[in-house]
Amino acid sequence: MLKIWGRTTSINVQKVLWCCVELNLGFDRVDAGGKFGVNTTPEYLAMNPNGLVPTIQDDGFILWESHAIVRYLSRKHGRGTLWPDDEKACADADRWMEWYSTTLWNNLRPVFWNLVRVEPDKRDMKLVEESRRKMADNLKMVESGLAGRPYLAGAAFTMGDIPMGVALHRWFLLPIERPGYPRLAAYYDRIKQRPGFAQHCAAPLS
């Protein structure tokens, strides 16, 4: 059975858990990272020298990096669903996953970290506001990208919607000013109806 190391409050672990529900995959999960430790042990570092979560083991195959894991599981178990048969739709989904990593997360992380995990008197509110503005500009691209389609890669939910879904959960729950993006709000409403999101990603921010 698939084994996953990672704490459930990690945004990166949540992507993998949600993916597993979409694919109807059973798994065993081990709490790791944060208050649970484990990720600094020699045994864990032998699997993942970064010392981060998640890490998976699938029939003896070890893999880390959340998007690599989502792609691997989608390609192996979700051809025609999370991994679209149409090559262009598949590339479109993959493009949004890359964009999340290279652009969106860089601006979301400082906002989330300061407002959720840093004590109020130690928060860098200048950085929060700068990052919030940048993320608002980033999401204008998503608003445009959703024109005429319910999901990022077209008519169907794909692997590309998983990173965006967990990011938007934070965007809409954080106590910040947000521009009115109606397509984005409707998209987030659709995302919230996914059982895997509801089960693993919809908790209050922590």
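Tell me, D189, D121 in order of fewest to most beta-carbon neighbours within 10 Å?
Ranking D189, D121 by Cβ neighbours within 10 Å, fewest first, gives D121, D189.
Taking 7 Å along the Cα-to-C-beta vector as the label spot, tell me the T8-D31 distance in nanometres, rounded to one decimal.
Roughly 1.0 nm, to one decimal.
Let me test this: with uniform point scatterers at the alpha carbons of region 87-197, what is the Debye-based log₁₀ I(q)/I(0) at q = 0.10, 0.13, 0.15, 0.24 1/Å?
-0.29, -0.48, -0.64, -1.41
Once you have the alpha carbon radius of gyration of the chain, what is it after dividing by 2.2 N^0.38 Å, with N set to its residue count?
Working it through for the chain, the quotient is 1.02.
In sequence order, what are the phi-derived ³J(HN,Hα) couplings for region 49-57 according to the Karplus relation 6.51 cos²θ - 1.76 cosθ + 1.60 with θ = phi - 60°, rounded to whole Hz, with x for glycine and proline?
Result, ordered by residue: x, 6, x, 10, 10, x, 10, 10, 10 Hz.
Give me the lysines in straight-line cross-link reach of K192: C-alpha distance below 16 Å, same-chain residues under 8 apart excluded.
Answer for K192, where 16 Å is the Cα cut-off: K15, listed by chain and number.
What spacing in nm lies between the two simple spin-label points modelled at R75 and N106, each 7 Å away from Cα in the Cβ direction?
About 2.5 nm separates the two model spin labels.
Could you pull out every residue, at least 5 positions away or on a different chain, whose amide H is within less than 5 Å of the one on R29? Hs are placed 1.01 Å off N in the peptide plane, and Pro or chain starts have none.
Amide H neighbours of R29: I4.
Could you order the peptides 74-85, 41-52 from most to least packed, using the average number of other C-beta atoms within 10 Å per residue?
74-85, 41-52
For region 2-77, with equal point scatterers placed on the C-alpha atoms only and solvent neglected, what are the log10 I(q)/I(0) values from the Debye formula at q = 0.24, 0.27 1/Å, to two decimals?
Calculated log10 I(q)/I(0) at the listed q: -1.12, -1.39.
Determine ³J(HN,Hα), in whole Hz, for all residues of region 95-109 in sequence, where each value follows from phi through the Karplus function 6.51 cos²θ - 1.76 cosθ + 1.60 and θ = phi - 60°; x replaces Gly and Pro.
Karplus values, whole Hz, x for Gly and Pro: 4, 5, 5, 5, 5, 4, 5, 8, 10, 4, 5, 4, 9, 6, 4.
No lab work stands behind these numbers, since they all come straight from the coordinates. Worth saying up front: this structure is predicted, and the values here are computed from it rather than measured. When we count neighbours, we look across all protein chains shown, and the Cβ atoms used for this are built from the backbone with ideal geometry, even at glycine.
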